[in-house]
Every structure is written in structure tokens, then in C-alpha cells.
Amino acid sequence: MSDQAQSGIYPASAEFTANAHIDADTYEAMYAASINNPESFWGEHGKRIDWIKPFTKVKNTNFDYGNVSIKWFEDGTLNVSANCIDRHIATRGNQTAIIFEPDDPKGQAQHITYAQLLEQVSRMANVLKANGVGKGDRVVLYLPMIPEAAYAMLACARIGAIHSIVFAGFSPDALANRINDSEAKAVITADHAPRGGRKTPLKSNTDKALFDCSEKVKCFVVKHTGDQTTWVQDRDIDLKAEMAEASPYCPYAEMGAEDPLFVLYTSGSTGRPKGVVHTSGGYLVYASMTHQLTFDYHDGDVFWCSADVGWVTGHSYIIYGPLANGATTLMFEGVPTYPDAGRFWAVCEKHKVNQFYTAPTAIRALMGQGPEWVEKYDLSSLKLLGSVGEPINPEAWNWYNTHVGKGKCPIVDTFWQTETGGHMLTPLPGAIPAKPGSATKPFFGVKPVILDANTAEIQGETAAEGVLCIADSWPGQMRTLWGDHERFQEAYFAQYRGYYFTGDGCRRDEDGYYWITGRVDDVINVSGHRMGTAEVESALVAHEMVAEAAVVGYPHPIKGQGIYAYVTLMNGIEPSEDLRKELVKWVRTEIGPIASPDLIQWAPGLPKTRSGKIMRRILRKIAENDYGALGDTSTLADPSVVDDLIENRMNKG
Ligand code: 6R9
């Protein structure tokens, strides 16, 4: 790694800056305006989308614990699907809205125009309606990365139904929990999800999940691969067949700005996953504005975000942001390494991608395969690169910059969360020079503060370190947790009164650049996916041979963090390699492959305080191979368990 990559400052080229939407002076002026007078700033930028009834109120938000309430543009009405489709028809009906690139590199790519999008979304919306789905109903989507996933999101939005996407890698159990928690009326799935040449049996997973759900839940099935699946009469509906019969136009519903658009479950530090609720008006304003300005998107550009629609990144930057902006957005069904480590770059070349947005874990995996996979392809269409999901390490940044961007593409490192709806800290590429590893500066309307983790005191000096909080609301912010406003306040507003708490540690340097240092709670970040250690623990202890489990993250060269599980077996159960494998498999079926423990250590005892609390700090240090810094162990009920754990640690690396 070159020293420059670690300490350098990388401004965009003069040519890029000359054409950029936002330059340095404009950023400073607009940022100041957004903070000093949010009412007039967002009153103006709220007009970037189409309203049926224009709003007269802009901001009505309260961060006080006990009274947290967040409303934006509250008396306006709109329809999100109309904003993403209908309003572009007159000017760009024949422009490609979605490029679909299938898993199979020999398969046919599809170019779906805005006019075709309107027809497909309308047909699907009409099928949903005809089957009793209406305003406010929840619809769970469990789909591959296929155009029908986009149609389903927009069809729900069109009729005012609330979608909740469950990542297709999640297990039947995880799917059932989300269907039940959201009290969904229907699920939309497909026969199979092809990924990397393998197929996930989505329909059969859905059948299993629906055993544990109300009999009233309807099941719409997209016949995608055409493989045979079981069929339940009076419950399963052949979605494509019904779409072919349905009317090609569906009028859109008039929705309030604060009507929910979607619920997306994400991991927290405690308990079951939380149903993050995003509403219509503020979310769309924020997703579209960040998409345009962070990626410096210009008319006619081809934008590719390689995330899955099962994650928030897919919601905001494959679907809602780009389509609200009349962009051409690419949906890729496959994985970066199939059929080989050149696939991303083959797709960039094939579709002449202009902005490419991916996660550090993918970059590290491809970096390990060597630059020859990139060099084979013509990447001259690329103008900008993006990164999201975790801090990007300087080696990966340098590789991305040199081999993919050829030193001419600005890299935007975007820090944000499921909860924030869109980018929070990010360079605007024509305005803010990058520093590798830093998400740089706040987006408009975002007021970051760094607090001392223990005293909650504001760290006012420019250079500071502590926990990252946000002092005031922005339009893309989540509004509540589905069905549990109490838990919403507890999770985000209880720790540091008056602030939204991100859960992340952060450093600000002498130039006012922000550097995320990682989660300070019990959330770990595995390949850019959020995983609550509590979720993995409860899956482990659900196994009949497991008495107790404690899960922590540890540094992993490709995944960023790996999952390290300490497991205490029931009395009389002997540890074995077979049992280890069985437990890994068990967690995969309980939650999904992304939750598979990388290392399981048999722990005859876990370090606990006298009050019975597991001291995770110690377990984390052992997993990190860092026991010089174990800290004070004198409060442990039985300090000797630590020696045993160190002796038998798995991560000797
Ligand atoms: C969009 C998304 C959120 C957590 C977040 C933080 C980490 C995301 C990051 C980053 C450093 C970045 N994170 N982007 N850390 N630099 N550019 O990833 O949402 O799945 O909810 O995860 O991911 O720890 O708190 P989500």
C-alpha cells in the first residue's frame, strides 16, 4: 500500500468538477442554509418531486425522549410510484428505466423503458387489488433481483400498500417472523432465485414459512426459472399469468406524505429484528436528492448499484432515488464472482455503466483474485465509484481507485443506515476531496455531533472522537418501528437525550472530516450486512445441545468482521467436529447463510460479572487475539474461565 493512499487527499479532476452539480462554494453555502434555515431549505427542495396537493408545512420534528415525533411535508399528498414513473412518461417514455442483467452471463439482458415500466407496474397493481390488497396493507416481498421485484415495490406504492422486503438469503423462519410481525396480507415470491449458478428454492421456503402464519396470507408466485414447485389451491396465485390478463393501466392512489411507504427489518443490538418504517414524501425527496448529488448523476447516465433490493441500499439507490430522477438504473441478479471474478467489470463494459456503487467486502474479495480480471475489460464509461456498508480500508480504496477508476473517478464513501433512508456523511464529488477511509462531510440538512460515550458531552473541538449522533431531523429519517414506537425511542433516543444515536463510533479530524470507527453496540457488520449478536445467540441456544452462547465480531480479511461464537454445551454433551458443523448448519437454517458462525469455540464457562452479565468486552478481545488489553477482570465471578478461553481460542491467526 502506498503512503499516499493512507494520508492523501484526492480532489476530483478539474474536468469532473467543471461539470459537477455541486462545487465547493455551492456546498458550503447550501449546507449552511440547510442547517440555519431547514424550513426554507427543504421547503424549496421538497418541490423536486411532484405533489398532488402541495405541502404548506415543512418540518415538524421532536427528538425529546418520551415525545419523539418526526413529520415532514405533513399536509402534502403524493404518489411515489407516479413520481418514479408517470411523471417521466411525457419526456422519456422510451428511455430505459431499468436494465436487467441476469445471473447467467449468456442470458438475455432486458431494457425496460419507462412506458413499459408503467404498464408492468400497473398490471401488477391491478392483480394485487383484484386479490384484496389495498391502502395500508402490508405485502412481504421475497424475491430474486429480477424486474418483478421493482414492479412489486412500485405496484405496492401505486395502490398505497406497504411493502416489506425480506432478503432472499433469509431462512423460512426469518421470513415467517417478518410476515407475522408486519401482519402481512400477502407475500410475493418466485419459484427459484438463481445466484452464482445455484438456485435458492424461494417458493418452497415460502411454503415452509407460511405454515407458521395466518391461513389468510395470499401467496403470489413469479414463475421465473420455470422449475416445478408445489402449488396450494386457493392460496397461491400465478402472478405473471394474472398480469397478462390484467388491465395495462392502474390509476395511482393519493397518499399522505407521512403514509408509510415500506417497512424494512434490520438487526439491532437486542432482541428480534426491528421493522424500520419509512414514509412517502420526505423519504423520496431525500433518496432522489442524494442519488443525484452524491453520485453526480446526469441525464442519460447509466447508474449501477450492486446491492440487493433486500437491503436499504437497494431500496434507495436501485429503485426509488434513481427512478424518481428519471435515471437508467441497472439491476443485477448475480454475484461478483460468477462465472468468474471479472463479472462486475464485464457488466460495466457491456452496459456502459457511468456510476458504480458497491461494498468494500466485494472489492476486497475481487482484489484477492488479482487485477488481471479488471484489466480485461473496457471501463472507460466509468465516471464515478461509490462505496457503502462499512469503512473502506486503504488497500481496498487504493485498488478500487487504481484498477477500476484508473485514477480518474472520484470515489464517494457514503456512510448511512437503514434508519437514515439515504446518505448522511458523504463527499459530494465536485465539492469535497476524498480522503481514503473517511466518509468526509455531512449531506445537506445533516447535523452530526460527536459525544463523549460516557459523559454525553459534546466534543466541540474540530478534532474529536466519540459516538456519532445527529442533532436534528432530516427528511429521509425513519419515523418509527413498526407497531412499537416505544422501542423506537428506546433504541435511538434514550442513550443521548435530544439526539438520534447512530450506534457508530466516530472521529473527526482537524479538517472536519468524519471517520466512522465501527459499531459501538452489539451489532456486527459481516460483509456489509448487519447482524445482531443477540440474534445469532438466540439461534444457537435454540439448539437442544446448547446451554449458553455468546457471539462477538472479529476482524476478517474479506468480510470485514467474522462471527465468533463461544458455546457452552449442555451437561454431558461432548464437543466434536461434527457438532461444530451441525451448529453452523443450524444457524444457517434458523437465520440464513449470512449468519453462519465462522468460528465456534467450546466454552466450558463464559466470563460473567457477579450479577450474571456476560462480559463481552473480554470475549471480543480474545476473539481479536488481543489479550494484552483484557482490562479489569477482577469483577468476574470466576476469573479462571478467561485463562481457559485464551488457551483454547480459535483465532490464533
Ligand atoms: C447503508 C447501510 C448501517 C451500518 C452503519 C455503519 C455501517 C455503512 C458505512 C458504514 C463506515 C461507511 N456503515 N456505511 N461504516 N463507512 N461508508 O449499510 O445500512 O445495513 O443499516 O448498516 O453500516 O456501522 O451503522 P445498514
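Odds and ends about this structure:
- Alpha-carbon centroid distance for the pair the range 145-177 / the range 564-598, whole angstrom: 30
- Panel values: the range 290-342, Kirkwood radius from alpha carbon pairs, Stokes-Einstein at 25 °C and 0.890 mPa s, translational diffusion coefficient 210 µm²/s.
- Proximal lysines to K185, defined as alpha-carbon separation beneath 22 angstrom and excluding residues fewer than eight positions away on the same chain: K129, K135, K203, K208, K216, K218, K223, K240, K274
- Taking a straight line from the alpha carbon of K408, these aspartates and glutamates sit under 18 Å away, with near neighbours fewer than eight places off in the same chain left out: E15, D23, D296, D301, E349, E375, D378, E395.
- In the chain, the calculated helix contribution to ellipticity at 222 nm averages -8000 deg cm²/dmol per residue, counting -39,500 (n - 2.57) for every DSSP H run with n ≥ 4.
- Sites N648 and D484, calculated FRET efficiency, Cβ-Cβ separation with R0 51 Å, nearest 0.05: 0.80
- Shape of the range 295-398, Cα gyration tensor, a/c cut at 1.5: prolate
- Volume of the Cα convex hull of the range 486-619, divided per residue and given in Å³: 156
- In this simple spin-label approximation, E375 and E15 carry label points 7 Å from Cα along the Cα→Cβ vector, and these lie 2.3 nm apart.
- For D296, net neighbour charge (Lys/Arg +1, Asp/Glu -1) across residues whose Cβ lies under 15 Å away: -3
- Interatomic Cα distance distribution for the chain, bins of 10 angstrom, percent: 3, 16, 26, 28, 19, 7, 1, 0
- Based on Cα atoms of the range 341-408, Rg over Rh with Rh as the Kirkwood radius reads 0.91.
- The range 562-621: C-alpha gyration tensor shape, a/c 1.5 cut-off, then a/b vs b/c: oblate
- A straight Cα-to-Cα reach below 21 Å connects K47 with the lysines K57, K59, K71, residues fewer than 8 places away in its own chain not being considered.
- Cα centroid separation - the range 95-140 against the range 257-295, whole Å: 21
- Arranged from fewest to most other beta-carbon atoms within 10 Å of their beta carbon, R87, R343 become R87, R343.
- Anisotropy class of the range 134-209 from Cα gyration tensor, a/c 1.5 cut: oblate
- Burial ordering of T337, T279, T313, fewest other beta-carbon atoms within 10 Å first: T337, T313, T279
- Cα-based equivalent ellipsoid of the range 149-188: semi-axis lengths in Å, sorted from largest, via gyration tensor: 19, 12, 6
- Within-14-Å neighbourhood charge of K53 [Cβ basis; K, R +1; D, E -1]: -4
- Using alpha carbons only, the radius of gyration of the range 116-257 set against its Kirkwood radius gives Rg/Rh = 0.94.
- Take the convex hull of the alpha carbons in the range 1-101; its mean projected area over all directions comes to 12.9 nm².
- Taking label positions 7 Å along the Cα-Cβ direction at both E245 and Q110, the computed distance is 2.1 nm, reported to one decimal.
- Stretch gain in nm, segment Q233-E582, where the contour uses 0.36 nm per residue and the Cα spacing is subtracted: 122.1 nm
Read-outs: derived from the displayed coordinates by stated rules, not from any lab. Source: prediction; values computed, not measured. All Cβ positions, even for glycine, are placed from backbone atoms using ideal geometry, and neighbour counts span all protein chains on display.
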